[in-house]
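Quick note: the coordinates plus some simple rules give every number you see, no bench work behind them. Keep in mind the model is a prediction, meaning the values are calculated, not measured. Glycine also receives a Cβ, built like all others from the backbone with ideal geometry; neighbour counts cover every protein chain displayed.
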Amino acid sequence: MRIIVQKFGGTSVATSEGREKCRRRVTESIEQGYRPVVVVSAMGRKGQPYATDTLLDLAGDLVGERELDLLMSCGEIISAVVFCRTLREEGYPCVALTGGQAGIITDSSHTNARILRVVPERLHRELADGKIVVVAGFQGMTADGEITTLGRGGSDTTAAALAAALKAELAEIYTDVDGVMTADPRLVPEAQVLTRVSYQEIMEMAHLGAKVIHPRAVEIAMEGQIPLAVKGLDGQGNGTLIGSYHTVTADRVVTGITHLKGLAQFILRFNDEDLSLVVFQRLGNAQISIDLIQVNPGLIAFTVLQSAAEKARNVLGDLPMEVEVRSGFAKVSAVGGGMRGVPGVMARVVAALNRVGVRIHQTADSHTNISCLVEESDAEKAVRALHDEFNARAK
Ligand code: ASP
Ligand code: MG
């Protein structure tokens, strides 16, 4: 049995016209000889009646995380049932399942649960029965039957996990853009849809600010070696194919430019004793995640989310050092599996940013990316300059 998993986002399933387009995608895959398993997000965006954010508004402050999960899971369940109706209207046999019924077993971290395993027996049974299975995304169940959700954007993760468990040939993620772009098209009009990207590249891009797919979904797909396709519901093209490194030719130095705003930079200066251990322990104990970390004798620099800056300053407050906190920063990154071991990439990054007068305040790099901390008001300019310099393009 050739199984395909097709995931449709909240805006795609919000209207009957949208659902019809989704149905067409499902029936096309049947015509191509696939057996589809469909994953849906909650219908619409904030303000629309069954959207996740609208449901959250119902909860107020007094609802605990366990009940929040019960509430939020309803959005995707409603969506699954409504999409079943769309399929049945054209005579397609189908069954709607909650995440738990589909066999998604998670840990008990309510509102941000991790999938521990998928028990696919029920899915296999329904497929063998000739049905299209429509699964409510973004949710699972603990081993003792508690309903959980997978964190915002988690329907992508559902799709990847089901695809891996069913050994699907492909998981398709349909969105309102035509695929993974070389940069945010609102900033860079000449940004293009990437044809092929490796799992590693897309994971870096997602962590570094590209909003097109949930990084955990990519992780799971990579583990299961399931190719992912990111496609526009309206697009004619094939979208972006995300696959294993060997299937992707690394003939480009930089694949995409991403950015993340809302960062604060900390610079700590001290003379006598080495304070690095106590600094990092205190931040860790306070559950503050830090980034762009740089340690030198007598000097430590790092960034935190703007929203955590106050807390970070407080936990470090009484240590014998000078603490400088600067807000309003953004991290702009050039990501590309092809830059590994290639000399001169950093020189091009600096040259591009110099040309447009953007000052670099700190950097970090891995084998597949170079990130620069710049002032938030420079972020757009920096993204455009780097995109130009590397002529990031679809390949
Ligand atoms: N509806 C959920 C959210 O908005 C999950 C998803 O759409 O992927 O986060
Ligand atoms: Mg999403």
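Among Ile30, Ile173, Ile226, the residue with the largest mean-square fluctuation in a Gaussian network model of the chain, with springs joining Cα atoms closer than 10 Å, is Ile30. Scalar couplings 3J(HN,Hα) for region 255-262, obtained by applying the Karplus form with A = 6.51, B = -1.76, C = 1.60 to θ = phi - 60°, are 8, x, 10, 10, 8, 9, 9, x Hz; x denotes Gly and Pro. The base-10 log of I(q)/I(0) for the chain, evaluated at q = 0.08, 0.11, 0.13 Å⁻¹, reads -0.48, -0.87, -1.13 [Debye formula, identical scatterers on Cα atoms, solvent excluded]. Restrict the search to region 268-342; then list the trypsin sites (Lys or Arg not before Pro) that DSSP places in a loop and that have at most 13 other Cβ atoms within 10 Å of their Cβ. Taking region 268-342 and a limit of 13 other Cβ atoms within 10 Å, the loop trypsin sites (Lys or Arg not before Pro) found are Arg340. Separation of region 340-394 from region 269-336 is 23 Å, based on Cα centroids. Using the Kirkwood radius over Cα pairs, work out the Stokes-Einstein diffusion coefficient for region 279-379 at 4 °C and 1.567 mPa s, in µm²/s as a whole number. For these conditions, the coefficient is 85 µm²/s. Residue-wise HN-Hα couplings along region 83-88, as the Karplus relation 6.51 cos²θ - 1.76 cosθ + 1.60 with θ = phi - 60° gives them from phi, are 5, 4, 4, 4, 5, 5 Hz; Gly and Pro carry x.
Taking a quarter of the surface of the Cα convex hull of region 203-346 gives a mean projected area of 11.9 nm².
Take every pair of alpha-carbon atoms less than 8 Å apart whose residues are at least six positions apart; their mean separation over the length of region 178-265 yields a relative contact order of 38 percent. Charged side chains reduced to their Cβ positions (Lys and Arg at +1, Asp and Glu at -1) give the chain a dipole of some 920 debye around its Cα centre.
Compute the acute angle (0 to 90°) between the alpha-carbon long axis of helix 16-31 and the principal axis of greatest extent of the alpha-carbon atoms of the chain; round to the nearest 10°. The two axes meet at around 70 degrees. Each principal axis of the Cα cloud of region 249-324 was evaluated for its coordinate range; sorted largest first, these ranges are 50, 27, 20 Å. For Glu172, nonlocal amide neighbours, meaning residues 5 or more places apart or on other chains whose placed amide H falls under 5 Å from its own, are Val5, Gln6, Lys7, Ala229. Helices in the chain, meaning DSSP H runs of at least 4 residues, each add -39500 (n - 2.57). Divided by all residues, the mean residue ellipticity at 222 nm is -10000 deg cm²/dmol. Among residues other than Thr158 with Cβ under 9 Å from its Cβ, the summed charge is -1 (Lys and Arg +1, Asp and Glu -1).
Working note: Cα gyration tensor of region 1-152, eigenvalues times five, square-rooted, sorted largest first, giving semi-axes of 26, 19, 10 Å. The alpha carbons of region 20-99 give a radius of gyration and a Dmax of 15.1, 50 Å, in that order. Loop-resident GluC sites (Glu not before Pro) (DSSP state other than H, G, I, E or B) in region 154-227 with no more than 14 further Cβ atoms inside 10 Å of their Cβ: Glu190. For region 1-53 and region 55-120, compute the distance between their C-alpha centroids and round to whole Å. Centre-to-centre distance over Cα atoms comes out at 14 Å. Take every pair of alpha-carbon atoms less than 8 Å apart whose residues are at least six positions apart; their mean separation over the length of region 201-353 yields a relative contact order of 29 percent. Short-range pairs are left out: with C-alpha atoms under 8 Å and at least six residues apart, the relative contact order of region 15-73 is 16 percent.
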